[in-house]
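Take a look at the structure below.
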Amino acid sequence: MSDPTGARPSTRTRVWILVLALLLLGGGATAYTLRAASGREAAVAGTADAGFTLERATGALYARDTASGRIARVDPSAPGGRVVGGPSCDRFHAAGPTALCLQRRPGVPARSYALVLDRRLREVRRIGLPGIPSRARVSASGNMLAWTMFATGDSYARSSFSTRTSILDLRTGYLVKNIEQIPLTLDGRRHHAPDVNYWGVSFAADDNRFYATVSTGGRTHLVEGDMRNWSAKTLRENVECPSLSPDGTRLAFKKRVSDGPSEPWRLYVYELSTGREHAVAERRGIDDQALWTDPKTLAYGYGGAVWSVPADGTGTPRRLASGASSPAVPH
């Protein structure tokens, strides 16, 4: 439409009109880009997609999807056999109303986050940690959380590694940054040593008693810990990464059966009341803290997949999910 006065816009006016038009177009493009990238940003930030929760999924198997690094719900009816939409985690566990996500941060030296999440996988608390995520556990009530970080090295199979294991009580907010200072009774005597390392915590139903591995003097031991009295005692030797059964009567654990670096462990089950143990039907070397999916079945990671096997020593291993690790079954 022409100007009724017949005047032409000045050069300065035309420049400002052009700048305004570019800003408007750029703003629209930016908004579109932000909307399109929201899913990617959710994954990078460690948050879950809207609608991806632990609610109404009792008994479902969750695991870390190797391709994306995000938590997925295993669903044979879904494309690829799973629904990927959870937070980005290197280690994951969930029970009761709580989930725990260990997330490694980029850079050197190694740093990580422990993300405490609710059943909708919304972040409740974030704790900065040194080291590389190794183990994560939530008590059945969801009140007690434990995690283990590698301080140096990257494998339990190596002789030179150091771990740092923490326990968080969500009821009080109290965080034990490193449980190495817990008074330890070894073979009936108070034990002090600079080489003490703990890892692989598993909580009892009372949220007070826990089991873990302690390494000292070149040997590993199963320890029973008491949070209320802040004490720990060894029960037996050659036990790593214990996992307490839902009924509290048995422990699944890694037992070292070879001194070589190739698959040195076998998966065993130990009866607390009798002291008897037996190997499960999985004969490969399992470097994982097994998960009790129910009172009769164990799940674990091996060879880039999640497997299951009966806990009583019968049957054969069965693959539950390829390209997955860190299984959890929220109850």
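Points to keep in mind about this one:
- Per residue accessible area of region 220-309, 1.4 Å probe, in Å²: 42 Å²
- In the context of the full set of protein chains, residues of region 90-217 present 43 Å² of accessible surface per residue (probe radius 1.4 Å, heavy atoms only).
- In Å, descending, principal axis extents of the Cα set of region 55-209: 55, 37, 26
- Neighbour net charge for Glu263 - beta-carbon separation under 13 angstrom, K R +1, D E -1: +2
- Each residue of region 121-126 was assigned a 3J(HN,Hα) from its phi angle through the Karplus expression (A = 6.51, B = -1.76, C = 1.60, θ = phi - 60°), giving 6, 8, 5, 9, 8, 10 Hz with x at Gly and Pro.
- Per residue, the convex hull around the alpha carbon atoms of region 184-302 comes to 110 Å³.
- The equivalent ellipsoid of region 265-331 has semi-axes of 20, 13, 10 Å, largest first, where each one is the square root of 5 times an eigenvalue of the Cα gyration tensor.
- Among the chymotrypsin sites (Phe, Trp or Tyr not before Pro) in region 223-281, those located in a DSSP loop and surrounded by at most 14 other Cβ atoms within 10 Å of their own Cβ are Trp230.
- Carbon + sulfur, % of accessible area of region 137-276 - ligands and nucleic acids excluded, 1.4 Å: 44 percent
The values are calculated or read from the model by the stated rules, or taken from the named source; none is laboratory data. Model, not experiment: these values are computed from the prediction. All Cβ positions, even for glycine, are placed from backbone atoms using ideal geometry, and neighbour counts span all protein chains on display. Note: areas computed on protein heavy atoms with side chains; ligands, DNA, RNA excluded. Shrake-Rupley method; radii C 1.70, N 1.55, O 1.52, S 1.80 Å.
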